[in-house]
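Colleague: Have a look at the structure that comes next, please.
The values are calculated or read from the model by the stated rules, or taken from the named source; none is laboratory data. Just so we're clear, the structure is a prediction, and the values are computed from it rather than from any experiment. Cβ placement follows ideal geometry from the backbone for every residue including glycine, while neighbour counts extend to all protein chains displayed.
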Ligand SMILES: Nc1ncnc2c1ncn2[C@@H]1O[C@H](COP(=O)(O)OP(=O)(O)OP(=O)(O)O)[C@@H](O)[C@H]1O
Ligand SMILES: [Mg+2]
């Protein structure tokens with residue numbers, strides 16, 4: 001990578017009928033580490049992810065990724081550049097098997113470069129092997145042949161992380177990956193995130209304050225669509241504005 | 001985790017081949033007619049071979065349509081346009097034409113070469129489907145997609161209906177001779193049984209091609225798009241490219257069916273491109289089951305079999321078929337093929353319980369615009 005930021009935004013704004021969900025955000029997210037975004041409900045975290053990943057077009061402002069202006073790039077092209085995301089509401093192929101979910105994610109890496117009518121192993125490599133290794137990574141090998149919709153909530157969220165991992169992305173956007181998980185599931189998933197983090201930049205939206213403090217490289221605090229503070233967990237913990245506005249003195 | 005795909009392909013295609021061989025005998029009046037009162041209540045139908053040929057043509061038509069409906073999750077309500085283009089293309093390639101267009105005189109003498117007609121028809125079908133796909137796909141999905149495809153089909157229909165000089169207008173084109181095709185002796189296609197055999201062989205090859213598409217890695221992407229367009233997109237699939245390609249591929253089969261239809265009927269009229277025909281393949285696919293490979297073909301058989309029997313007893317046969325269709329969609333929302341699959345998987349009792357349970361819901365499993373949420377938080 002020729003630049004030292006994963007993402008850069010300039011005056012990024014998105015309004016919904018006049019209401020600015022993301023408002024004039026100018027930020028550089030450095031390469032590497034777990035970059036956590038926190039903020040109260042409705043702060044604009046998911047909207048920010050939607051802008052970065054291309055689900056929503058911005059009302060104004062620019063987005064740079066890997067040195068290129070991607071403001072108007074289609075989502076699939078961003079994915080091909082090495083930007084992958086999971087969604088706040090689990091987003092998988094519910095009526096396909098777990099195996100097929102992962103296999104499709106692995107196959108997607110070759111869309112546009114290899115023929116899917118006459119698949120060649122030299123071009124695509126070992127799809128089955130890669131699929132199985134991801135299933136192993138996310139701990140779903142034993143349920144691979146069941147339908148994804150029959151998985152427990154926590155396993156569905158882990159499956160989605162598996163889909164996101166298939167491309168071996170440089171940057172991952174994870175929108176509340178731990179939401180609704182049991183303590184055991186949370187523990188396993190945090191461990192998974194920590195394990196895949198080296199060599200990538202992870203943008204994480206989370207509410208679980210213990211996890212945030214434990215695994216974040218930096219924390220960005222978002223409030224009413226604007227950046228309130230950026231810093232290390234320690235800095236954020238002691239930041240007065242943050243204390244007042246968000247943490248409410250709980251930490 | 002190793003699934004023997006290859007052997008399953010052979011079993012499916014063998015079953016299709018066997019079905020094509022016994023099909024004429026199953027039709028009303030055929031020696032294997034399973035309907036218990038066939039002889040007693042209905043006049044023995046001399047044209048059962050022709051009826052079987054009709055079933056094959058529509059089986060192919062519906063199968064192609066279902067590549068889009070069942071496999072990609074997009075409902076085209078205008079697929080008869082490709083059937084009509086294939087049919088009229090063949091008729092005109094055979095009979096030739098002599099028209100004046102924008103002041104210039106266009107003449108073509110016609111050719112009896114069947115493969116030439118196939119080439120011309122499919123070229124027209126592919127070009128039109130590709131152009132339409134490029135226009136429709138990026139701009140619409142869901143109900144709008146259905147409506148726009150229907151609107152374009154009406155364009156083809158009215159051209160066929162109004163441009164009398166080329167298409168023969170309302171009466172269509174008659175007296176189209178059977179084709180010359182290398183390897184087939186001249187005159188051999190003069191016999192109804194031979195026409196059936198010819199149709200069956202072509203249909204079988206096309207079915208095999210369709211099977212290959214559906215079960216390829218390309219086909220698996222279509223299934224991904226059906227289940228969750230957004231997820232597919234964010235995995236890096238160029239979803240609209242696949243939707244256009246699926247549209248074009250699904251147009252080829254009605255095109256081939258139109259080619260066969262013209263030679264079989266030896267005439268063609270605007271009905272081929274009507275909303276009625278577009279609707280029939282939707283019905284056949286749902287009857288047979290859109291999420292099974294052979295479903296649309298089974299649906300084509302049931303539709304024509306039923307049509308033939310009921311039209312023997314009442315002139316209100318379209319109403320009767322409508323009622324049967326409605327009952328089917330309510331009681332067996334996954335169609336006949338889906339019903340068999342469910343019985344195999346869950347047992348007959350479970351299936352009957354579901355049929356008679358009040359909570360059974362109509363669910364076609366066509367992907368909706370929103371992603372299927374595994375679980376809300
Ligand atoms: N598609 C939309 N249309 C209209 N308003 C929207 C849309 N998406 C988000 N909003 C609004 O924008 C604001 C920010 O929403 P967003 O989902 O980004 O918040 P969030 O920080 O992710 O909150 P949460 O912690 O609840 O997930 C909210 O007020 C929300 O109602
Ligand atoms: Mg959110």
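Colleague: Please work out if residue B:69 is assigned by TED's automatic domain parsing to the domain that holds residue B:244 and more than 30 Å from residue B:239 (Cα to Cα).
Modeller: So residue B:69 does not fit the description; no.
Colleague: Restricting to region A:59-76, and then to whatever is surrounded by 17 or more Cβ atoms within 10 Å (Cβ to Cβ) and at positive phi, can you tell me which residue is farthest from the chain's Cα centre (by Cα)?
Modeller: A:61
Colleague: Right, here's the next one. Please find, within region B:220-251, the residue that is surrounded by the most Cβ atoms within 10 Å (Cβ to Cβ) out of those that are under 18 Å from residue B:121 (Cβ atoms) and within 14 Å of chain A (Cβ to nearest Cβ).
Modeller: Taking region B:220-251 as the starting set, the residues that turn out to be under 18 Å from residue B:121 (Cβ atoms) are B:247-251.
Then drop every residue that is not within 14 Å of chain A (Cβ to nearest Cβ), which leaves B:248-249.
Values: B:248: 20, B:249: 24.
Only one residue fits best here, namely B:249.
Colleague: Against the conditions (1) within 21 Å of the chain's Cα centre (by Cα); (2) away from ligand 1 (no atom under 16 Å from the Cβ); (3) more than 18 Å from residue A:135 (Cβ to Cβ); (4) not in a helix (DSSP H, G or I), where does residue A:117 fall short? Just the number, please.
Modeller: Looking at each condition in turn, residue A:117 falls short on (1).
Colleague: Could you check region A:139-164 and list, in sequence order, the residues that are buried (at least 22 other Cβ atoms within 10 Å of the Cβ), more than 10 Å from every other protein chain (Cβ to nearest Cβ) and touching a strand residue (DSSP E or B) at 6+ places or on another chain (Cβ under 9 Å)?
Modeller: none
Condition check ((1) in a helix (DSSP H, G or I); (2) more than 16 Å from ligand 1 (Cβ to nearest atom); (3) modelled with pLDDT of 90 or more) across all residues:
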{"residue": "A:132", "(1), (2), (3)": "yes, yes, yes"}
{"residue": "A:162", "(1), (2), (3)": "yes, yes, yes"}
{"residue": "A:186", "(1), (2), (3)": "yes, yes, yes"}
{"residue": "A:219", "(1), (2), (3)": "no, no, yes"}
{"residue": "A:236", "(1), (2), (3)": "yes, yes, no"}
{"residue": "A:243", "(1), (2), (3)": "yes, yes, no"}
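Here's the yes/no breakdown for (1) within 27 Å of residue A:237 (Cβ to Cβ); (2) within 17 Å of the chain's Cα centre (by Cα); (3) more than 9 Å from ligand 1 (Cβ to nearest atom):
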{"site": "A:7", "(1), (2), (3)": "yes, yes, yes"}
{"site": "A:39", "(1), (2), (3)": "yes, yes, no"}
{"site": "A:53", "(1), (2), (3)": "no, yes, yes"}
{"site": "A:56", "(1), (2), (3)": "no, yes, no"}
{"site": "A:85", "(1), (2), (3)": "no, yes, yes"}
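Colleague: Would you check which residues across region A:96-121 are in contact (Cβ under 8 Å) with a residue 60 or more places away in the chain and facing another protein chain (nearest Cβ under 7 Å) and list them?
Modeller: Residue satisfying the conditions is A:105 alone.
Colleague: Residues of region A:186-208 being surrounded by fewer than 19 Cβ atoms within 10 Å (Cβ to Cβ) and either within 16 Å of ligand 2 (Cβ to nearest atom) or at positive phi (or both), which ones?
Modeller: Within region A:186-208, A:199, A:207, A:208 qualify.
Colleague: Examine region A:143-153 for a residue that is within 16 Å of residue B:235 (Cβ to Cβ), in contact with a helix residue (DSSP H, G or I) (Cβ under 9 Å, 6 or more places away or on another chain) and away from ligand 1 (no atom under 16 Å from the Cβ), and state whether such a residue exists.
Modeller: Yes, there is a match, as at least one residue in region A:143-153 is within 16 Å of residue B:235 (Cβ to Cβ), in contact with a helix residue (DSSP H, G or I) (Cβ under 9 Å, 6 or more places away or on another chain) and away from ligand 1 (no atom under 16 Å from the Cβ).
Colleague: Mind checking which strands (runs of 3 or more DSSP E) fall wholly inside region A:18-78 and carry at least 2 residues that are closer than 25 Å to residue A:208 by Cα and within 16 Å of ligand 2 (Cβ to nearest atom)?
Modeller: Output list reads A:19-30, A:33-38.
Colleague: Let me ask you something else. Name the residue that is farthest from residue A:53 (Cα to Cα), counting only residues in region A:81-95 that are at the interface with chain B (Cβ under 7 Å from one of its Cβ atoms) and crowded, with 21+ Cβ neighbours inside 10 Å.
Modeller: Per the criteria, the residue is A:94.
Colleague: Please state which one of A:23, A:17 is in the same structural domain as residue A:194 (by TED's automatic domain parsing), surrounded by fewer than 17 Cβ atoms within 10 Å (Cβ to Cβ) and over 19 Å from the mean Cα position of the chain (by Cα).
Modeller: Just a single option satisfies the conditions, and that option is A:17.
Colleague: In this structure, is residue A:4 more than 16 Å from ligand 2 (Cβ to nearest atom), in contact (Cβ under 8 Å) with a residue 60 or more places away in the chain and surrounded by fewer than 21 Cβ atoms within 10 Å (Cβ to Cβ)?
Modeller: Answer is no for this residue.
Colleague: Specify which of the listed residues (A:211, A:194) is assigned to a helix (DSSP H, G or I), out of contact with any strand residue (DSSP E or B) (no Cβ under 7 Å at 6 or more places or on another chain), within 16 Å of ligand 1 (Cβ to nearest atom) and more than 14 Å from chain B (Cβ to nearest Cβ). If you could, list the steps in order and put the result at the bottom.
Modeller: Working: A:194 fails: within 16 Å of ligand 1 (Cβ to nearest atom).
Going through A:211, A:194 in turn, just one is assigned to a helix (DSSP H, G or I), out of contact with any strand residue (DSSP E or B) (no Cβ under 7 Å at 6 or more places or on another chain), within 16 Å of ligand 1 (Cβ to nearest atom) and more than 14 Å from chain B (Cβ to nearest Cβ): A:211.
Colleague: How about region A:10-24: which of its residues are in contact with a strand residue (DSSP E or B) (Cβ under 8 Å, 6 or more places away or on another chain) and either farther than 21 Å from residue A:65 by Cα or more than 9 Å from ligand 1 (Cβ to nearest atom) (or both)?
Modeller: A:10, A:11, A:12, A:13, A:15, A:20, A:21, A:23, A:24
Colleague: Applying the selection to region B:117-169, what residues are assigned to a helix (DSSP H, G or I), modelled with pLDDT under 90 and touching a helix residue (DSSP H, G or I) at 6+ places or on another chain (Cβ under 6 Å)?
Modeller: B:117, B:160, B:161, B:167
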